Amino acid sequence: MQASQDPLNNWIYENHKGVRYGLKGKVLVDERSSFQQITIIESERYGKSLLLDGCWMTAEHQERHYHECLVQPALCSSAELSKALIIGGGDGGTARECLRHKELKYLDMVEIDLRVVELSQKYLPTIGGSAWIDQRLHLNICNGIDWVANALDGTYDVVIVDGSDPKGPAEGLFNKIFFENCKRILKPNGVFATQTESPEAFQSIHIETIKLIREIFEFADPLYGSVPMYPSGWWSWTFASINSPRYKHPIKKRVDEISKNCEIWSPRWQKGAFDAIPAFIERELNP
Ligand code: SPD
């Protein structure tokens, strides 16, 4: 699906359930890859911005609202931090946030669509930043579902899923077998993280995905924040672990290293964001 455009007034929109989420700007790239429609615009408010199949993914001046919140609760709390995996994340923002941790020695990133990586490197270079030339980054252009199915048990300290909405190439990143494999390839004291959509704009997917993750992992909790360009602006990420809810307890040494350069994430923000579970979601999850 293509982004909706209003060329007369230079507005580009994501349409979702009868609501338009738009930025004013001009289209720089609009092409079909083997997997999806990739659109990059120069927006007035948030700088260069990426849409996949007509849905907002990221923007130069807003990406930290999303990437810090997906990455830092997991990276700051896994017992060890030697090897991590990102499924998706082709714009490079999640990799950049992970690689801020010097303790991390090896980062596998598995992105299905090489064109997303190539176009992000060309038009959105600040989002990946130095991650693209970091020797610890191992970029694999292949299917993330197959990758988690084939990886050995207990390979990773952290597994992060940075996909788009559950349709098109990202559909298989929201199902039971996929989450079971994510758990299997995680070390027992590791942390799993995934974006779980909006509690307002994607309410049923949001609730069903958290329920599913809770069936598989011993501990799992959603965290709530805002990504203003996404439908409703209200977003969530869910963290899961095996031996204890360690994702709620960031390790001080890592916090000290990371937090001074964060725009949104801090241990205080994180505590409030876990507590900010809306009442209707809490009732659905704990009937
Ligand atoms: N509806 C938007 C969901 C996008 C989640 N992934 C964004 C990719 C940023 N690295």
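Key figures for this structure:
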read-out: Stokes-Einstein translational diffusion, the stretch 238-287 - Kirkwood Rh over all Cα pairs, 1.002 mPa s, 20 °C, in µm²/s; value: 169 µm²/s
read-out: Given charges at Cβ of Lys, Arg, Asp, Glu: the chain dipole, positive-most of Leu70, Ile281, Ser82; value: Ser82
read-out: Cα long-axis angle, helix 114-123 against the chain (0 to 90 degrees, to the nearest 10); value: 70 degrees
read-out: Placed amide H near Val161: partners under 5 Å, 5+ positions off or other chain; value: Ile87, Ala193, Thr194, Gln195
read-out: The chain: relative contact order in percent, alpha carbon pairs under 8 Å with at least 6 residues between; value: 16 percent
read-out: Under 5 Å, built H, 5+ apart or other chain: amide partners of Trp234; value: Val227
read-out: Sulfur and carbon atoms: percent of accessible area, the stretch 135-287 [1.4 Å]; value: 52 percent
read-out: Length released on extending from Ser82 to Lys17, taking residue separation times 0.36 nm less the Cα-Cα span; value: 19.2 nm
read-out: For the stretch 17-31, 3J(HN,Hα) per residue [Karplus equation, 6.51 cos²θ - 1.76 cosθ + 1.60, θ = phi - 60°, Hz, x = Gly/Pro]; value: 6, x, 10, 9, 10, x, 10, 8, x, 10, 6, 9, 9, 8, 9
read-out: Spin-label model distance (nm) - Ser130 vs Lys211, 7 Å beyond Cα toward Cβ; value: 4.6 nm
read-out: Contour excess over end-to-end distance, with Cα ends at Asn10 and Lys252 and 0.36 nm allotted per residue; value: 82.5 nm
read-out: Tilt relative to the chain, helix 63-75 - C-alpha long axis, 0 to 90 degrees, to 10; value: 10 degrees
read-out: Per residue value of the accessible surface for the chain (all protein chains in place, 1.4 Å probe), Å²; value: 42 Å²
read-out: Fraction of accessible area attributable to carbon and sulfur, the stretch 4-59 (%, probe 1.4 Å); value: 46 percent
read-out: Part-to-part distance (alpha-carbon centres) for the stretch 116-186 and the stretch 57-115, which is given in Å; value: 9 Å
read-out: Karplus-derived 3J(HN,Hα), 6.51/-1.76/1.60, for each residue of the stretch 164-173, Hz, glycine and proline x; value: 9, 5, x, 8, x, x, 8, 4, x, 8
read-out: Estimated [θ] at 222 nm from DSSP helical runs (n ≥ 4, -39500 (n - 2.57)) normalised by residues in the chain, nearest 500; value: -8500 deg cm²/dmol
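The values are calculated or read from the model by the stated rules, or taken from the named source; none is laboratory data. Model, not experiment: these values are computed from the prediction. Here Cβ is always computed from backbone atoms with ideal geometry, including for glycine, and neighbour counts include all displayed protein chains. SASA here: full protein model, heavy atoms, side chains in, ligands and nucleic acids out. Shrake-Rupley method; radii C 1.70, N 1.55, O 1.52, S 1.80 Å.
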